[in-house]
Amino acid sequence: MWMRSAAVGVAAGLTLSVALANGYREKNIAVEVAKSAMKVTPVRDWNSLSIRPGKKAETWTLDGEQLNDVTFYGGISPGEPLIRETSKKHKPLPKFASETLLVEIPELLEGTYRTEKGIGSFSVTSSKPDRFLGSDGIRFTYEYVDADDLPRKGEARAALIKGQLFMATFDAPRLHYFDAVLDDFNVLTDSAAL
């Protein structure tokens, strides 16, 4: 009897810790993202992951990070990488610079992915001017093969505001998940404001 009670207690504790580990972003409620002044108002419910890829980055998902991953980067300052460096000595990440132009943002993301995710195949498939956070920005799409040999597609929107980089990226497996969630990403990032 005691063992059964202890097992139920452990299971309840694990369930509670998992529930507390990730956040819930309720539809129609504006929320600040990436520990910045950037706010989004989702039109559907999302999950936010408790483990942040960086001090100024935050990840949301609908079905799990491997199936659809929206990452917000808020107020990246010159000299900072997009995400936390796991090893500054052995795997230094590219840094955002004050001289970085909008057209160079895809290259910054590519360098970050190649270094951190250890991918060899990455290509930018389109790039065009865009409005993001009420400012002139860039929208670009890309494809890569992840460490598990899964072909993935991505889309990003970015703007440089007062010398800082604000960006949102969406990554998903090329088959099914990218097309299934792309409109949700666009609606979510259309709501972004400072």
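Quick look at the values:
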{"item": "Extreme residue, nearest to ALA57 (Cα to Cα), among residues of region 154-194 that are touching a residue at least 24 places away in the same chain (Cβ under 8 Å) and acidic (Asp, Glu)", "result": "ASP171"}
{"item": "The one condition in (1) in contact with a strand residue (DSSP E or B) (Cβ under 8 Å, 6 or more places away or on another chain); (2) within 23 Å of LYS35 (Cβ to Cβ) that THR115 fails to fulfil", "result": "(1)"}
{"item": "Test: residue in region 101-121 that is under 30 Å from LYS27 (Cα atoms) and either touching a helix residue (DSSP H, G or I) at 6+ places or on another chain (Cβ under 8 Å) or among the charged types (D, E, K, R) (or both)", "result": "no"}
{"item": "Among residues of region 26-47, those that are in a loop (DSSP other than H, G, I, E, B) and over 17 Å from MET167 (Cα atoms), counted", "result": "8"}
{"item": "LEU165 vs. criteria closer than 27 Å to ALA37 by Cα, of a type in the set (A, V, I, L, M) and part of a helix (DSSP H, G or I)", "result": "no"}
{"item": "Residue among LEU194, LEU182, LEU188 that alone is surrounded by 15 or more Cβ atoms within 10 Å (Cβ to Cβ), in contact with a Leu (Cβ under 7 Å, 6 or more places away or on another chain) and over 19 Å from GLY54 (Cα atoms)", "result": "LEU194"}
{"item": "Every residue from region 168-178 that is crowded, with 20+ Cβ neighbours inside 10 Å, out of contact with any Gly (no Cβ under 8 Å at 6 or more places or on another chain) and part of a strand (DSSP E or B)", "result": "ALA168"}
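Yes or no, residue by residue, for (1) small (Gly, Ala, Ser); (2) surrounded by 12 or more Cβ atoms within 10 Å (Cβ to Cβ); (3) on the phi > 0 side of the Ramachandran plot:
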site: PHE72; (1), (2), (3): no, yes, no
site: ILE76; (1), (2), (3): no, yes, no
site: LEU82; (1), (2), (3): no, yes, no
site: LYS88; (1), (2), (3): no, no, no
site: SER98; (1), (2), (3): yes, no, no
site: GLU104; (1), (2), (3): no, yes, no
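All of the numbers you see were taken from the coordinates with simple rules; none came from a lab. What you see is a predicted model; the values in this text were computed from it and never measured. Quick reminder, even Gly has a Cβ in these numbers, built from the backbone with ideal geometry, and neighbours come from all protein chains shown.
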